[in-house]
1. Quickly run through segment 157-176 and pick out the residues that are among the charged types (D, E, K, R), within 9 Å of the ligand (Cβ to nearest atom) and touching a residue at least 12 places away in the same chain (Cβ under 8 Å).
2. With modelled with pLDDT of 95 or more, of a type in the set (Gly, Ala, Ser) and closer than 30 Å to Asp103 by Cβ as the only criterion, which of Gly50, Gly11, Gly28, Gly6 stands out?
3. Which of the residues belonging to segment 77-95 are assigned to a helix (DSSP H, G or I) and surrounded by 23 or more Cβ atoms within 10 Å (Cβ to Cβ)?
4. Please verify whether segment 245-255 includes one or more residues that are at pLDDT 95 or above, more than 18 Å from Phe22 (Cβ to Cβ), of a type outside the set (Gly, Ala, Ser) and part of a loop (DSSP other than H, G, I, E, B).
5. Within the group Trp192, Trp167, which residue is in the same structural domain as Val138 (by TED's automatic domain parsing) and closer than 20 Å to His293 by Cβ?
6. Could you check segment 24-44 and list, in sequence order, the residues that are closer than 27 Å to Gly166 by Cβ, buried (at least 23 other Cβ atoms within 10 Å of the Cβ) and more than 8 Å from the ligand (Cβ to nearest atom)?
7. Identify the residue in segment 120-156 that is part of a helix (DSSP H, G or I) and within 16 Å of the ligand (Cβ to nearest atom) and, among all such residues, is nearest to the chain's Cα centre (by Cα).
8. Can you tell me which residues in segment 56-73 are within 30 Å of Asp103 (Cβ to Cβ) and surrounded by fewer than 17 Cβ atoms within 10 Å (Cβ to Cβ)?
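The values are calculated or read from the model by the stated rules, or taken from the named source; none is laboratory data. Model, not experiment: these values are computed from the prediction. Cβ coordinates were reconstructed from backbone atoms using ideal geometry, including for glycine residues, and neighbour counts include every protein chain displayed.
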Amino acid sequence: MTQTVGFAVVGAGLVGPRHAEFAARAEGGSLRAVCDLCEDRGRPLAERFGAEWVPDYREVVRREDVDVVDVCLPTALHLEVAAAAAEAGKHVVVEKPIELNVDRARELVDVCRRHGVWLMPIFNRRFVFGTRRTHDAVHNGDLGKLLLADMRFKSWRPASYYSESGWRGTWDKEGGAALINQGIHGVDLITWIAGPIKRVQGYARRLRHHHIEADDTTIAVYEYQSGAVGVIECTTSVQPRQPDVLELHGERGSIALQNYRIVRWDVDGVEPGEPSSEERALPGADKGVDAGHFFQIQDMVYAVRDRRPPVITGEDALHSLAVVQAIYESERTGGPVDVQVR
Ligand SMILES: NC(=O)c1ccc[n+]([C@@H]2O[C@H](COP(=O)([O-])OP(=O)(O)OC[C@H]3O[C@@H](n4cnc5c(N)ncnc54)[C@H](O)[C@@H]3O)[C@@H](O)[C@H]2O)c1
């Protein structure tokens with residue numbers, strides 16, 4: 001390992017620049033390379049942080065000054081690049097969803113484990129004060145037995161969002177569209193907070209973005225392993241974008257979040273509290289979601305330095321992907337589908 005933890009960000013499209021900036025800003029971290037086939041994207045991003053643009057990821061994974069390969073590529077390329085990185089002894093950060101389906105995600109998790117490197121999937125919305133506080137309240141039993149746990153993600157993406165990155169909205173390169181790309185954040189959060197989902201009944205439809213293959217509007221009802229029930233709604237077809245909503249109801253109270261901030265806290269005898277001053281000072285904390293990216297990248301630096309697992313591991317990403325797959329399968333079969341992490 002080099003003195004600071006060296007990052008290479010692979011993929012300089014929509015989300016890659018956020019990773020590059022945060023790798024450069026993390027305490028003890030350093031951005032060494034940005035890899036993108038497209039020079040117009042890769043070179044300026046690399047140069048902004050004193051790093052090198054490298055068009056070929058196979059060159060990146062061989063570099064001695066790189067400790068962590070941070071994969072921000074189209075979803076179907078995650079396994080290939082993460083496997084090459086792991087085989088070269090590099091730790092891996094990978095954007096959500098970690099792959100197209102559970103089988104490929106499992107392969108990715110296994111290859112990292114076999115080579116003894118850390119794998120950290122990005123689920124940035126877990127690291128916002130409101131979601132973390134809600135998670136802790138549910139897990140402390142403050143809400144009592146859970147009855148209902150729902151999420152709504154009603155957003156807007158223009159046609160150009162899909163046409164400018166041709167892999168988006170396709171089955172073979174993205175594994176779906178609105179649900180697997182945007183909705184998976186909500187599935188991850190709601191299952192992290194309320195526990196694993198047992199069975200789903202889903203409707204995955206293309207109602208507005210007719211030029212894509214997969215869903216732009218998906219809903220599902222589901223039953224948790226705990227016996228609680230819930231609803232997920234996810235769309236990229238609603239203008240203007242509505243606030244993302246999470247709602248949890250237990251025998252002893254209710255919590256509601258809008259855009260990951262607590263807007264209702266009806267929990268007997270327990271206060272929600274406030275984010276710490278350190279948390280408020282994180283880059284992007286005013287927007288919440290970026291702060292999660294920073295927190296995770298900083299955590300990977302400490303995980304490599306201190307030789308301890310990162311705050312989210314590959315295994316943590318499998319259940320939400322299995323739920324997404326089950327919802328798509330339910331649309332195809334027209335019936336309820338059991339969620340299985342094979
Ligand atoms: N956590 C979040 O909030 C968040 C936000 C956006 C995207 N994402 C995820 O990040 C991943 C990337 O999404 P995006 O929207 O940034 O994609 P994008 O299409 O905007 O960017 C992908 C980049 O990868 C480059 N690329 C493609 N193939 C390559 C190869 N073989 N070698 C090197 N470069 C290559 C492209 O030139 C492009 O610049 C997806 O898995 C997506 O789901 C997560």
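1. Once the filter is applied, which keeps residues that are among the charged types (D, E, K, R), within 9 Å of the ligand (Cβ to nearest atom) and touching a residue at least 12 places away in the same chain (Cβ under 8 Å), segment 157-176 yields Arg168, Glu174.
2. Of Gly50, Gly11, Gly28, Gly6, the one residue that is modelled with pLDDT of 95 or more, of a type in the set (Gly, Ala, Ser) and closer than 30 Å to Asp103 by Cβ is Gly11.
3. Those that are assigned to a helix (DSSP H, G or I) and surrounded by 23 or more Cβ atoms within 10 Å (Cβ to Cβ): His78, Val81, Ala82, Ala85, Ala86.
4. Within segment 245-255 (the criterion being at pLDDT 95 or above, more than 18 Å from Phe22 (Cβ to Cβ), of a type outside the set (Gly, Ala, Ser) and part of a loop (DSSP other than H, G, I, E, B)), the answer is yes, since at least one residue qualifies.
5. Of Trp192, Trp167, the one residue that is in the same structural domain as Val138 (by TED's automatic domain parsing) and closer than 20 Å to His293 by Cβ is Trp192.
6. Across segment 24-44, the qualifying residues are Ala33, Val34.
7. Residue satisfying both the conditions and the ranking: Asn124.
8. Asp56, Arg58, Glu59, Arg62
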